[in-house]
Every structure is written in C-alpha cells, then in structure tokens.
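Below: the structure, in structure tokens.
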Amino acid sequence: MRPDAAKHGQNDGLSIFASVRPRLFGIAYRMLGSAAEAEDVVQDVWLRWQQSANRKTVENPPAYLATTTTRLCINLAQSAHSRRETYTGTWLPEPVDTSADPGLGAERGEALKLAVLLLLEKLSPTERAAYVLGEAFDYPYDEIASILQTEEANVRQLVSRARKHIADGRRTSVSSSEQRRFLEAFIAAAQNGDMTALEGLFAEDVVSYSDGGGYVRAAGVPVSGRKHVATFIAAISKWCWKGVTLDWVETNGQAAVLVLRDGVPFGLTIDASEQGINEI
C-alpha cells in the first residue's frame, strides 16, 4: 500500500470515529455514571478501531463502535460493582456540565438525570445497557439484541424490567423552571438553617445523599425523611455555607449549583416533583 493510501485510510477511520464519538461517550457515561471512566472507554475503543486490521471490512462502523463500547462498559460495570461495595460512604454518579452542550448524544434526556443514573446502578450491567440503548438512544430491539448477543425477546424483557425499576423509583419531575425555583428556595432555607422552610419544601420521603469519596466531609449514609433531612441540613448550615461562593450551572440537563468552599468545589442539585423535593 502506498503511504498516501494508508494516510487516506487513517483519515477515513478518524472521520468515522469522530462523527460517532459523542454517542459513544453518551452510552459509556450512562452505563458507568463516571465521565472519567467513560472517557477511558471511548479512548480504548478508538485505539482498537485505529489498530484494527479488518476495519475496512466493517459494513456498519457506527454499529460496530457502539457494540464495542457497550461490551467494554458491561465488563467495567461488573468490576465496578464490587469496587463500590467497599466505597467510602455513598457513591453517587459523577455529574457532567451540560450547559455548553458537550455532545452527550442523547435523543432523550431522561436517562441522563442523576436520579435516573442512581437507579440504573441497581440494575445488572446487561439490563442497564438495554435500557440506555433503547431509552436514551432509541436503538431498535433487534439491534440491541445484536449488540448484547442475545435474543430479541430477551431484550424486550430486559428493557421492560428496567423501565419498571425506573418508574417505581421515580416520580414525575417538575419543569426546569420549577426545578430551579425549588433549588433556589432550598439554598436560601439551608443557608439560614430554617427548619420550617426546609420541611415545607420537602416531600415526606425525601432523601439526602452526600458523596465525599473519603476526601471531604460528608454524611456516611443517606439521610431520609422530611424531619431528619431538615434537621441534618439545618445542623450543617453553621459551617457549610460560611465563606462560600455559588455559581449556577447546568449538570445532566438540570439546574445545579457549584459551591466553592476553602478552595474545594462541590456540586449541589435536587430532584423535585409535585410533592416537593424528593432527593438532594
């Protein structure tokens, strides 16, 4: 092969990969709940694609790349489950900044919300893959079956079980403007340690999650129930909000606040329904 022909082939390979990269990252991020791990998977897929000797024989490169990404994520999710069993405190999905539209590649945004990603963690990696491919990226059942190397009927069952799990764990979210209004009211009440105002914002079964990763101060276990969460938030208000700066951002398609305290940034977001704030 002439050098210029080889270079042309490399350029074609790069062009194909670049065109689907946002989707590959979107699949990996929803599967793993970690932007860093998703980037590692996408980089691994690129290396495999770049080094593949039979790349030109691939009839459908986007499908091939999505399949490779999904299978790598299933393997990684299986090992991540055991790691998270020994994780310090509560593990939460890593939020991503969507205010600048980083190209997560989703046709549907519901499967990007942190509350949904947290529920996806309780599914098996295969169930998670079927749900993400079907709900977030609208893959048909037969194509999901090909990616997962299973029967189409099995895929339908996997997606059905995943949908039921998500529906059972979720309430219908409020609009984006209401979400922001709830978050603004929560911050004001939290800063003042106002127990009455906090309880008025919360659903009866509200849950507060904190993930410090063992590096910063955080609640070791989730705090649940309107009274308990309000008491917890009011108690930490004496030190939590002193000398902080707040920056409004959009993470995972929802309003959030980036809080900088003593040089350490942490993110704060909520999930709210007509009953009030369900999760913090």
> Does A218 qualify as being at pLDDT below 95 and open to solvent by less than 20 Å² (accessible area, probe 1.4 Å)?
Replying inline: no
> Is there a residue being open to solvent by 20 Å² or more (accessible area, probe 1.4 Å) and modelled with pLDDT of 90 or more anywhere in segment 96-107?
Replying inline: no
>> I need the full set of residues from segment 28-49 which are in a helix (DSSP H, G or I) and either within 10 Å of the chain's Cα centre (by Cα) or among the basic types (K, R) (or both), in order please.
In response: A28, Y29, R30, M31, L32, A35, R48
>> I'd like to check something: does segment 222-230 contain any residue that is out of contact with any Phe, Trp or Tyr (no Cβ under 6 Å at 6 or more places or on another chain), assigned to a loop (DSSP other than H, G, I, E, B), among the hydrophobic types (A, V, I, L, M, F, W, C) and more than 15 Å from A115 (Cβ to Cβ)?
In response: no
>> Just to be sure I understand, how many residues within segment 177-199 are touching a residue at least 40 places away in the same chain (Cβ under 8 Å) and open to solvent by 70 Å² or more (accessible area, probe 1.4 Å)?
In response: 3
> Are any of the residues in segment 40-61 among the small types (G, A, S), open to solvent by less than 20 Å² (accessible area, probe 1.4 Å) and at pLDDT below 90?
Replying inline: no
> Got a sec? Which of S146, S173 is of a type in the set (G, A, S), open to solvent by 70 Å² or more (accessible area, probe 1.4 Å) and either in the same structural domain as I236 (by the TED database) or under 30 Å from T70 (Cβ atoms) (or both)?
Replying inline: S146
> What tally of residues in segment 224-270 results from selecting those that are among the charged types (D, E, K, R), over 26 Å from S34 (Cβ atoms) and buried (at least 18 other Cβ atoms within 10 Å of the Cβ)?
Replying inline: 1
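The values are calculated or read from the model by the stated rules, or taken from the named source; none is laboratory data. Computed from a predicted model, the values in this text were never measured in an experiment. Cβ atoms come from the backbone with ideal geometry, glycine included; neighbour counts cover every protein chain shown. Accessible surface is based on the protein model in full, side chains and every heavy atom, while ligands, DNA and RNA are left aside. Shrake-Rupley method; radii C 1.70, N 1.55, O 1.52, S 1.80 Å.
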